[in-house]
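Below is one structure, written out as structure tokens; comments come after it.
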Amino acid sequence: MRLCKLGSTGLEIAPLVLGGNVFGWTADRDTSFAILDAFVEAGFNAIDTADVYNRYAPGLVGGESETVIGEWLRARGNRERVVLITKGGLAMAEGCEGLGRDYLPRACEASLRRLGTDYIDVYLAHAPDPDTPIGETLEAFADLKARGLVRHAGCSNYSAAQLREALDPAGEGGARYEVVQPRYNLAERDAYEGEMEDLCAARGLGVITYYALAAGFLTGKYRSEADLAGRARSRVVSGFVNPEGLALLARIDEVAARHGASPAQVALAWIMARPSVAAPIASATSVDQLRDIARSVDIALSAEDMALLEG
């Protein structure tokens, strides 16, 4: 399988990253292991998670996803085959949040324990911290790198202005963000395209996008209010079930028919075709779902396809 370089990190990743947000939540331990096994056996190598997955789900406290991945890594003995991406900084408990020099190292060390590893390939600030100067955050990342706990630093959910501020002082003793994880998909393009995309390209940043299937809307499963009934993500997906969203699904269906592909495969292939993006993140709750999204790497969209999808 073709590997692509992740910005200036020197890491090479396959063009699809497995999202670990479902592990220990909607995918139990055994199912998670089966999905992870199938993912690696198919030639993929990068897994994305976060310490807070899935603190916000009923009955969970956070850390479940990292714990499952850590158990799988130990059981399979394949840590060196995997590019491990995780995130920190969001609230894990009262007083345990932020990107300051006091908490960020503790968050990282807790992730390392759950993951059962002594280093994280890419460690991301999960979201901006308005209460901590960016210089302090970058120094905290630099210390984690100097200790060998983190190999590359990055950020998620930053605006273009926030990212530019983080990059400007990077030569003053702090780490440099090398990887960016924006929310980006065919139904939500404005936040990344334009200023943010231009900045990432100009600074040589590795871009891995999340929410690639718009909470499942771009799989084509949700086309009416009836389709949403009883679904766990109905409130989120309902925002896409409107005339504009349904017109987008119709265009995706047309391209999918040309390629003998599923809507999800086309939606992922479209992101992969963006020159500035290294890979999208997609999750699966079954091996069958994984096999479906994995086939997206084999779809070569034409210029005509791209124009139709982008409306």
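The values are calculated or read from the model by the stated rules, or taken from the named source; none is laboratory data. Here the structure is a predicted model, which is why all the values come from computation and not from measurement. When we count neighbours, we look across all protein chains shown, and the Cβ atoms used for this are built from the backbone with ideal geometry, even at glycine.
At a glance:
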item	result
Matching residues, segment 117-141, being in a loop (DSSP other than H, G, I, E, B) and within 24 Å of residue 77 (Cα to Cα)	117, 118, 119
Whichever residue in segment 65-74 is of a type outside the set (A, V, I, L, M, F, W, C) and surrounded by 23 or more Cβ atoms within 10 Å (Cβ to Cβ) and, among such residues, is nearest to residue 121 (Cα to Cα)	66
Entirely in segment 244-311, the helices (runs of 4 or more DSSP H) that have 1 or more residues that are within 18 Å of residue 18 (Cα to Cα) and not hydrophobic (A, V, I, L, M, F, W, C)	263-272, 287-294
Selection from segment 175-228 of residues that are among the charged types (D, E, K, R) and either under 30 Å from residue 149 (Cα atoms) or within 12 Å of the chain's Cα centre (by Cα) (or both)	176, 178, 183, 197, 203
Flag if residue 10 is surrounded by fewer than 20 Cβ atoms within 10 Å (Cβ to Cβ), at pLDDT 95 or above, under 30 Å from residue 199 (Cβ atoms) and touching a strand residue (DSSP E or B) at 6+ places or on another chain (Cβ under 9 Å)	yes
